[in-house]
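The values are calculated or read from the model by the stated rules, or taken from the named source; none is laboratory data. Small disclaimer: the values here were computed from a predicted structure and weren't measured. Note: ideal-geometry Cβ built from the backbone for every residue, glycine included; neighbour counts use all protein chains shown.
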Amino acid sequence: MRIQIKNDPEKSKEAKTKILKAAEAIFAEKGFDGARVDEIAKKAKVNKALLYYYFENKEKLLEELVRDNINQTMNKKEKVLKEIKSFNKEDIEVFFDKVFKHLEERKDILRIITIEALKSGSEDTSIFKLLLPSLPKMIANMESCGAKIDDSMDIMIYSFFFGLIPGAVYFTLGDKWADFYNVSKEEADKRFADVFKKTCLTYCDNLLK
């Protein structure tokens with residue numbers, strides 16, 4: 001079976017995709033440490049030998065998931081930035097809504113990345129890589145649209161600690177927060193997105209003054 005798949009690019013790609021999707025689901029459900037390779041193989045409907053053929057261990061699976069997520073997020077941000085021709089409230093809202101929707105669709109892997117980064121003694125830098133490649137382009141785009149940026153470090157700090165991190169924490173704890181306060185998940189998602197957007201818009205508005 002491995003030889004047949006190896007010699008068939010389409011089947012090989014399909015098998016790897018199934019394994020990665022299964023790994024993401026198991027990691028999200030049980031955490032990286034609690035996930036077992038045989039569970040991932042079973043969910044992907046492949047044997048462990050095939051899984052190990054593509055991925056050496058759980059760490060390699062997580063690395064590939066993170067790499068894929070970072071690339072998708074960067075591509076999405078760059079695509080949205082190209083669509084922004086000005087730096088007014090409407091365009092900023094469009095940018096926010098599209099990026100937030102993308103992150104929401106990728107919330108399982110974002111949750112995994114956040115938890116791994118917060119572990120005691122963790123040297124995982126994946127969460128920092130989610131923003132780094134797009135920052136120079138984002139700053140250049142903002143300046144071309146009329147924003148005055150005196151210190152790019154301010155943008156870096158705001159984008160990470162007041163942009164990415166609140167979203168990552170919400171996607172990690174939002175379900176439990178909603179359960180604790182007896183709020184429907186739909187209502188919690190809407191309220192969080194509204195408050196989060198207002199914060200971002202206020203910051204962007206101050207850049208134009």
Self-check item: Tally of residues being at pLDDT below 90, farther than 19 Å from PHE160 by Cβ and touching a helix residue (DSSP H, G or I) at 6+ places or on another chain (Cβ under 9 Å) across the range 184-209
Solution: 1
Quiz item: without any contact (Cβ under 8 Å) to a residue 40 or more places away in the chain and closer than 19 Å to ALA25 by Cα - does that describe any residue in the range 110-124?
Solution: yes
Exercise. Confirm whether PHE171 is in contact (Cβ under 8 Å) with a residue 24 or more places away in the chain, touching a Lys or Arg at 6+ places or on another chain (Cβ under 7 Å), surrounded by 15 or more Cβ atoms within 10 Å (Cβ to Cβ) and closer than 15 Å to VAL99 by Cα.
Key: yes
Quiz item: Do we find a residue being in contact with a Phe, Trp or Tyr (Cβ under 9 Å, 6 or more places away or on another chain), among the polar types (S, T, N, Q), buried (at least 18 other Cβ atoms within 10 Å of the Cβ) and in a helix (DSSP H, G or I) anywhere in the range 132-143?
Solution: yes
Practice problem: Considering every residue within the range 80-98, establish whether at least one is assigned to a loop (DSSP other than H, G, I, E, B), surrounded by 12 or more Cβ atoms within 10 Å (Cβ to Cβ) and not assigned by TED's automatic domain parsing to the domain that holds GLY163. | Solution: no
Exercise. Please identify the pairs in which a residue from the range 34-58 that is charged (D, E, K, R) has its Cβ atom under 7 Å from the Cβ atom of a residue that is in a loop (DSSP other than H, G, I, E, B), counting only partners at least 6 apart or on another chain.
Key: LYS58/ALA35
Quiz item: Restricting the range 17-70 to residues that are among the β-branched types (Val, Ile, Thr) and assigned to a helix (DSSP H, G or I), which is modelled with the lowest pLDDT?
Solution: ILE70
Practice problem: Could you tell me whether LYS76 is touching a His at 6+ places or on another chain (Cβ under 6 Å), modelled with pLDDT under 90, assigned by TED's automatic domain parsing to the domain that holds LYS197 and surrounded by 12 or more Cβ atoms within 10 Å (Cβ to Cβ)? | Solution: yes
Exercise. Within the range 96-108, identify whether any single residue is closer than 13 Å to ALA23 by Cβ, touching a Leu at 6+ places or on another chain (Cβ under 6 Å) and modelled with pLDDT of 85 or more, and answer yes or no.
Key: no
